[in-house]
Amino acid sequence: MTDVVQTGLSGLALGSLYGLIALGFVIAYKATRVINLTQGGAALLGAYLTYWLHVQAGLNYVLAVLLAVALCAGLSAVIERWLIEPVLDRDMHASLMVTMGGLIVFQAIVAGLWGSDQLNPDDPWKLDKVTLGGVSITTRDLWVIILAAVAVILFFLFFRFTLVGTAMRATAFHRVAASAQGIDSKRIGMLAWAIAGGLGGLAGILLGTTVGGGLQPGIANAALVALSAIIVGGLDSPGGAVLGGIIIGLAQQYAASYAPAFLGQDVSTVLPYVVMVAILVFLPTGLRGTAEIRRI
């Protein structure tokens, strides 16, 4: 039973990171109706910027994290303003291809500056563990759960109870109608992408810790798993994104620990997409997505 609980806590930590990235996907999508594949680039860049600022430049780790998250947010806002906004009125595939190209550019920049070898981020948690009631959890996983919970709570408070959050909700509901009411939809779009980039950067930083396997280009692949999370939770539901991320994280960890050997070693890698397909078959809009109503 102890092993089951420990595996569940590890899955919760992993799912929290997927939830952060998935939440960024949903925020960008609700504001601009674009599936932002550069979320993977933001996660990758956030991790490597923290390494550069902390290990190479000697900044305090917390300061390096804050600065890296801010840089990811700013860069995502620039991408939305200069690359996405000009193609929003075109076919949706144009904006999707732009974000795909942005992801490839991010990966090329990181590989060119830091190489493809695994790097030690020198995070403060390392491999330390905390024992609670006989159940051991790494200090990193404990902090991941706490930080992810704080980030999600702060976002929902901002989204629900501030004027800017109200403007974001209005823009998400109907961009043209919101503009007609005096809301600057372009500025809201930039802000949404900035928040998404910051969340992606934070998730990438936490994924690139020692317990997460260290810095490696594969961090960007977490965004692909997070895509399955938003399908599970609902493409237009912030709460669904977090829920989907946790479901996928738990499924992966339990599959890695308890799946029968005959299913192969990579079953945990494939499982998120199996869950995604199963959800699409029975709930096409996800667990908390909004069904589209068409009048004929």
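Quick check for me: using +1 on Lys/Arg Cβ and -1 on Asp/Glu Cβ, what's the dipole size of the stretch 1-157 about its Cα centre, in debye to the nearest 20? If you can, show how the numbers build up before the last one.
Values: 7 positive and 10 negative charges, 40 e Å.
My answer is approximately 200 debye.
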For the stretch 11-67 and the stretch 259-290, write down the distance between their C-alpha centroids in whole Å. 24
Just how far, in whole angstrom, is the stretch 179-254 from the stretch 123-166 if you go by their alpha carbon centroids? 14
Hey, if you put +1 on the Cβ of every Lys and Arg and -1 on every Asp and Glu Cβ in the chain, which of ALA73, MET92, PRO124 ends up farthest toward the positive end of that dipole? MET92
So how tilted is helix 2-32 from the main axis of the chain? Cα-based, degrees 0 to 90, rounded to 10. 20
How far, in degrees from 0 to 90, does helix 222-233 lean away from the longest principal axis of the Cα atoms of the chain, to the nearest 10? 60
Explain nothing, just compute: Karplus ³J(HN,Hα) = 6.51 cos²θ - 1.76 cosθ + 1.60, θ = phi - 60°, for every residue of the stretch 266-282 in order, whole Hz, x for Gly and Pro. 9, 4, 5, 6, 7, 4, x, 6, 5, 4, 4, 5, 4, 5, 4, 5, 9
Determine ³J(HN,Hα), in whole Hz, for all residues of the stretch 109-122 in sequence, where each value follows from phi through the Karplus function 6.51 cos²θ - 1.76 cosθ + 1.60 and θ = phi - 60°; x replaces Gly and Pro. 5, 5, 5, x, 7, 10, x, 10, 6, 5, 10, 8, x, 6
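Going from most exposed to least, what order do PHE173, PHE25 have by accessible area with a 1.4 Å probe? Display every interim value, and only then the final one.
Numbers: PHE173 175, PHE25 5 Å².
From most accessible down to least: PHE173, PHE25.
Only sites in a loop by DSSP and with at most 12 other Cβ atoms within 10 Å count here; which trypsin sites (Lys or Arg not before Pro) in the stretch 234-296 make the cut?
Numbers: sites: ARG288, ARG294, ARG295; in loops: ARG288, ARG294, ARG295.
Those satisfying the criteria are ARG294, ARG295.
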Taking only Cα atoms and a 10 Å spring cutoff, compute GNM fluctuations for the chain and point out the largest among ALA194, ALA226, ALA167. ALA167
Karplus-derived HN-Hα couplings along the stretch 188-199 (A = 6.51, B = -1.76, C = 1.60, θ = phi - 60°), whole Hz, x at Gly and Pro: 5, x, 4, 5, 4, 5, 5, 4, 4, x, x, 5
Taking amide H positions as placed 1.01 Å from N in the peptide plane, with prolines and chain starts having none, which residues 5 or more places from ASP236, or on another chain, fall under 5 Å of its amide H? THR290
To the nearest 0.05, how large is the calculated FRET efficiency for ASP266 and LEU96 if R₀ is 30 Å and r is the Cβ-Cβ distance? 0.65
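Using the Cα centre as the reference, give the magnitude of the dipole from point charges on the C-beta atoms of the chain (Lys, Arg: +1; Asp, Glu: -1; all else neutral), rounded to the nearest 20 debye.
Numbers: 15 positive and 14 negative charges, 169 e Å.
Dipole size: approximately 820 debye.
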What full-extension length gain, to one decimal in nm, is calculated for LEU157 and ASP122 as 0.36 nm per residue of separation minus the Cα-Cα distance? 9.3 nm
GNM top mover of ASP141, ASP91, ASP122 - the chain, alpha-carbon springs below 10 Å: ASP91
Amide hydrogen neighbours beyond the local backbone of THR138, cut-off 5 Å, H modeled: VAL130
Would you pull out the residues with amide H under 5 Å of TRP125's amide H, same chain only if 5 or more places away, H placed 1.01 Å from N? none
When the chain is treated as a GNM, springs tying every alpha-carbon pair under 10 Å, which of GLY197, GLY41, GLY214 comes out with the largest mean-square fluctuation? GLY214
Read-out semi-axes √(5λ) of the Cα gyration tensor in Å, derived from the coordinates shown; its label in (1) 30, 24, 18; (2) 35, 19, 17; (3) 36, 25, 18: (1)
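The values are calculated or read from the model by the stated rules, or taken from the named source; none is laboratory data. Not measured: the values here are computed from a predicted model. Cβ: placed from backbone, ideal geometry, glycine included. Neighbour counts: every protein chain shown. Accessible surface areas use protein heavy atoms only, side chains included; no ligands, DNA or RNA. Shrake-Rupley method; radii C 1.70, N 1.55, O 1.52, S 1.80 Å.
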